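Peer 1: I am attaching a structure below and will ask some questions about it afterwards.
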Amino acid sequence: MRAILLPVLIAASTVLAGCGGGSGSTGNDTLSVAATAVPHAEILEVARPILEKEGVRLQVRVFNDYVQPNDQVAQKHIDVNYFQTEPYLDAYNKGRGTGLVTVTGVHIEPFGAYSRRHASLEALPAGADVAIPNDPSNNSRALILLHTAGVITLADPSNALATQRDITANPKGLKFRELDSAMLPRILDQVDLALINTNYALDAGLDPTRDALAIEGSDSPYVNFLVARPDNRDDPRVQALARALTSPEVKAFIEDKYKGAVLPAF
């Protein structure tokens, strides 16, 4: 999994001068946050003027992978991040021996199954080539969605860390390929089905509400959280961002901008 810092600025003021000191901030009035581009960085732009009214300048660093945002916060290069679900964070903490913590839940990105070869899941042929994320949390999420859609059967669909070993029935003999989440939209033309996180689907021009053959419901437990370290979770700047991200302005933006592809979780 490559960690690549995107060279694109979300706005002219998005990426300021480099981080300094151990906290990841450039000053006491600045808060640095790692995020993926869509929808997280877009939502952070709505929070920016709200924070400015409280005297906090927001520094957004945009990444295109799911590892570096946590690494950067854990290593105190960046203050907080906003890109992940709690099951993903739990798996990261367990695998890396870290103790990053959730601050507040902001939105839900219903996870979807996409195909450019077939019009429905029922049309999948025997032995269909299916691409799913390779990280433990999203890997399980993909399998659970396929179970819910009736394509496979899992021993325990409530297990947030289910793996292919937990598949008890696979009537179509699906062949699974596990790949980095960011790569899945790029190989959509090369497989029969790909299970794609909504942020990457949106970034690739897919409309989850229109294009997904199966998609999680609004009751999805996979809320995207603002995440911090135990030592800065209660920092006034972090709490100010938490309030901004759960403000009426952000809720209205999510509802108007994403039309159900992203749902407010507050």
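Peer 1: Since Ala252 meets every condition but one in (1) surrounded by fewer than 15 Cβ atoms within 10 Å (Cβ to Cβ); (2) among the small types (Gly, Ala, Ser); (3) modelled with pLDDT under 95, which condition does it not meet?
Peer 2: It fails just one condition, (3).
Peer 1: Considering Leu206, Leu184, Leu195, Leu226, which residue is aliphatic (A, V, I, L, M), touching a strand residue (DSSP E or B) at 6+ places or on another chain (Cβ under 8 Å) and assigned to a helix (DSSP H, G or I)? Reasoning before the result, please.
Peer 2: Working: Leu206 fails: assigned to a helix (DSSP H, G or I); Leu195 fails: assigned to a helix (DSSP H, G or I); Leu226 fails: assigned to a helix (DSSP H, G or I).
The conditions single out Leu184.
Peer 1: Let me ask you something else. Taking Ala74, is it closer than 26 Å to Thr30 by Cβ and among the small types (Gly, Ala, Ser)? Lay out the reasoning, then the answer.
Peer 2: Numbers: closer than 26 Å to Thr30 by Cβ: yes; among the small types (Gly, Ala, Ser): yes.
Spelling it out, Ala74 is indeed closer than 26 Å to Thr30 by Cβ and among the small types (Gly, Ala, Ser).
Peer 1: Would you please name the residue that is surrounded by the fewest Cβ atoms within 10 Å (Cβ to Cβ), looking only at residues in region 207-220 that are touching a residue at least 40 places away in the same chain (Cβ under 8 Å) and farther than 22 Å from Glu42 by Cβ?
Peer 2: The first filter runs over region 207-220 and keeps only residues touching a residue at least 40 places away in the same chain (Cβ under 8 Å), leaving 207-209, 211-218, 220.
Filter once more, keeping what is farther than 22 Å from Glu42 by Cβ: 213-214, 217.
Values: Leu213: 18, Ala214: 19, Gly217: 9.
Ranking the candidates gives Gly217 first.
Peer 1: Taking the condition closer than 21 Å to Met183 by Cα, touching a Cys at 6+ places or on another chain (Cβ under 9 Å) and open to solvent by 30 Å² or more (accessible area, probe 1.4 Å), does Arg116 pass?
Peer 2: Details: closer than 21 Å to Met183 by Cα: yes; touching a Cys at 6+ places or on another chain (Cβ under 9 Å): no; open to solvent by 30 Å² or more (accessible area, probe 1.4 Å): yes.
No, not satisfied.
Peer 1: Can you find, within region 29-62, the residue that is farthest from Ala204 (Cα to Cα) among those that are open to solvent by 10 Å² or more (accessible area, probe 1.4 Å) and under 16 Å from the mean Cα position of the chain (by Cα)?
Peer 2: Within region 29-62, the match that is farthest from Ala204 (Cα to Cα) is Arg61.
Peer 1: Would you point out the residue of region 128-169, among those that are part of a strand (DSSP E or B) and out of contact with any helix residue (DSSP H, G or I) (no Cβ under 9 Å at 6 or more places or on another chain), that is nearest to Asp189 (Cα to Cα)? It would help to see each step written out before you state the result.
Peer 2: Taking region 128-169 and keeping what is part of a strand (DSSP E or B), we get 129-133, 153-154, 167-169.
In the following step, the residues that additionally are out of contact with any helix residue (DSSP H, G or I) (no Cβ under 9 Å at 6 or more places or on another chain) were identified as 168-169.
Values: Thr168: 28, Ala169: 26 Å.
Residue satisfying both the conditions and the ranking: Ala169.
Peer 1: Yes or no: Ala155 exposed (fewer than 13 other Cβ atoms within 10 Å of the Cβ) and in contact (Cβ under 8 Å) with a residue 40 or more places away in the chain?
Peer 2: no
The values are calculated or read from the model by the stated rules, or taken from the named source; none is laboratory data. In this text, all values refer to a predicted model and were calculated from it rather than measured experimentally. Backbone-built Cβ (ideal geometry, glycine too); neighbour counts: all protein chains shown. The accessibility values were calculated without ligands, DNA or RNA, using every heavy atom of the protein model including side chains. Shrake-Rupley method; radii C 1.70, N 1.55, O 1.52, S 1.80 Å.
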